[in-house]
Amino acid sequence: MEFLFTSANSKLSSGRSAVQDQENGSDRVILVSIIMLMIFGVLAVYSSIYYFAESNQASASSMIVEHVVKLLVAFVVMLIASKFDYHQVTRFSRLALIISWLALIAMMTFGEEVFGAQRSLSLGFFSFQPASLASIALLVHLSVLISNKQEYIKDFQRAFLPIMIYILITCTLIGIEDFSSAALLLVLSMLLMFVGRVNLLHLGGLCLIGLLGGALLVMQSPERQTRITQHLKQIKNIEAENFSLYEGYQTQQAQIAIARGNVTGVGIGQSTQRAFLPAPYNDFIFAIIAEEYGLIGAIGLILIFAIILIRGLAYIARRAPDSLGTLLAVASTSFIVLYGFVNAGVASGLLPVTGLPMPFVSYGGSSLVFAGLMVGVLLNVSKYSSANSKRKS
């Protein structure tokens with residue numbers, strides 16, 4: 001990734017440059033890739049949700065309609081966000097971050113419990129996950145801070161310390177109820193700081209603090225300890241008598257689904273593991289896709305995320321007209337792709353169970369809308385990237 005860092009560093013060193021008027025539209029490769037993910041998701045969610053709806057005396061059709069509506073809302077949010085100059089949007093990043101902190105605190109007291117954890121906050125007419133809002137608010141605000149502090153980015157007191165405080169507060173508030181999201185957010189924050197030329201020694205210190213904090217959060221939760229120990233055991237033998245136990249059950253069923261899919265899959269709507277996997281329409285959607293579409297479908301889905309990754313970093317971030325654009329492109333691209341890869345890694349047994357959705361593929365909620373917002377920011381940066389590239393040529 002040297003090509004990205006070299007290009008980014010040249011802009012970061014010179015600070016924020018003036019951005020010219022838009023000349024081209026949003027990046028079509030990113031837009032088409034997101035639409036493909038949505039289509040993939042609708043088909044997979046409809047199949048995986050059928051058994052859940054029947055067993056809970058609900059209507060599968062109404063649930064899939066609700067999912068499609070949320071996808072359309074996310075798509076509209078994405079298009080609207082792509083129309084606003086990213087320099088104007090980032091002015092509200094600090095306010096959004098403070099609001100997200102208040103929402104996280106309120107969630108701990110008044111939040112709705114889902115699968116044993118309080119992760120949603122209801123406002124009467126709708127509910128949302130404050131962790132999703134806090135994640136994107138932090139990434140956007142970090143982009144602003146790192147960009148503005150480029151002249152003294154290596155200074156511990158003036159640059160690193162204020163940045164670290166925002167990261168630690170946000171990750172701690174999220175990690176109390178949602179360790180997986182907090183850990184992933186810390187990784188994304190450190191990646192953004194690395195691209196922003198933050199002192200590597202300082203980054204190492206933050207990494208150490210993150211590991212110590214993560215260890216404390218794991219120690220205070222027996223469920224988290226179980227997930228990690230089960231993953232470390234690398235379960236190889238699937239024993240029928242253990243299927244009724246909680247430990248290792250999810251991973252076992254996901255691996256059965258992937259194994260049944262073979263190369264070409266069992267066929268659309270023919271999944272049997274949707275009856276055994278908890279939340280097959282969300283956390284383990286990749287396992288259902290691998291079962292019904294086989295290795296071909298699973299690889300195809302991963303390739304879409306890979307295209308977004310390459311396009312977002314190698315093209316949009318590299319050609320952004322200023323440091324803020326580069327950092328926002330890196331943050332938005334990494335946010336979408338890393339969530340997708342982690343979801344696939346969990347279903348494949350490569351990572352411990354996290355409960356993180358696959359963007360635009362898993363059954364929708366507020367995370368869909370926030371993912372749409374991040375892609376909208378990326379598309380807006382791409383407009384200036386395209387124009388900037390065209391002027392240079």
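Going by what's in this entry, would residue 277 be described as surrounded by fewer than 20 Cβ atoms within 10 Å (Cβ to Cβ) and farther than 19 Å from residue 360 by Cα?
Answer is no for this residue.
Pull out all pairs, ordered by first then second residue, where Cβ-Cβ is under 8 Å, the residues are six or more apart or on different chains, the first lies in the range 191-219 and is within 15 Å of residue 175 (Cβ to Cβ), and the second is among the basic types (Lys, Arg) and at pLDDT below 80.
Final answer for the pair search is 217/224; 218/224.
Report yes if some residue within the range 298-312 is surrounded by 24 or more Cβ atoms within 10 Å (Cβ to Cβ) and either in contact with a strand residue (DSSP E or B) (Cβ under 9 Å, 6 or more places away or on another chain) or in a loop (DSSP other than H, G, I, E, B) (or both); otherwise report no.
No; the residues of the range 298-312 include none that is surrounded by 24 or more Cβ atoms within 10 Å (Cβ to Cβ) and either in contact with a strand residue (DSSP E or B) (Cβ under 9 Å, 6 or more places away or on another chain) or in a loop (DSSP other than H, G, I, E, B) (or both).
Being buried (at least 17 other Cβ atoms within 10 Å of the Cβ), modelled with pLDDT under 85 and either more than 27 Å from residue 176 (Cβ to Cβ) or not charged (D, E, K, R) (or both) narrows it down to one of 225, 230, so name that one.
230
For the structure I just gave you, tell me whether residue 287 is of a type outside the set (Lys, Arg) and not in a loop (DSSP other than H, G, I, E, B).
In short, yes.
Are there any pairs with C-beta distances below 7 angstrom linking a residue in the range 326-349 that is without any contact (Cβ under 8 Å) to a residue 12 or more places away in the chain to a residue that is among the aliphatic types (A, V, I, L, M), with the two at least 6 apart or on different chains, and if so which?
Between residues of the range 326-349 that are without any contact (Cβ under 8 Å) to a residue 12 or more places away in the chain and residues that are among the aliphatic types (A, V, I, L, M), the close pairs are 345/351.
May I ask you to list the residues in the range 102-118 that are at pLDDT below 70 and not β-branched (Val, Ile, Thr)?
Correct list: 111, 112, 113, 115, 116, 117, 118.
Restricting to the range 316-339, what's the tally of residues that are within 18 Å of residue 88 (Cα to Cα), among the small types (Gly, Ala, Ser) and either under 18 Å from the mean Cα position of the chain (by Cα) or outside any helix (DSSP H, G or I) (or both)?
Qualifying residue count for the region: 4.
Pairs, please: C-beta under 8 Å, at least 6 apart or cross-chain, first residue acidic (Asp, Glu) and in the range 62-82, second buried (at least 20 other Cβ atoms within 10 Å of the Cβ)?
Matching pairs, first to second residue: 66/364.
Is there a residue being in a helix (DSSP H, G or I), touching a His at 6+ places or on another chain (Cβ under 6 Å) and closer than 22 Å to residue 328 by Cβ anywhere in the range 163-171?
no
Let me spell it out: the conditions are (1) over 21 Å from the mean Cα position of the chain (by Cα); (2) assigned to a helix (DSSP H, G or I), and residue 174 meets all of them except one. Which number is the exception?
(1)
Would you mind finding the one in 325, 355 that is in contact with a strand residue (DSSP E or B) (Cβ under 9 Å, 6 or more places away or on another chain), at pLDDT below 95 and of a type in the set (Gly, Ala, Ser)?
The conditions single out 355.
The values are calculated or read from the model by the stated rules, or taken from the named source; none is laboratory data. Bear in mind that the values here come from a model prediction, so they are computed numbers and not experimental data. We place every Cβ from the backbone using ideal geometry, glycine too, and count neighbours over all the protein chains shown.
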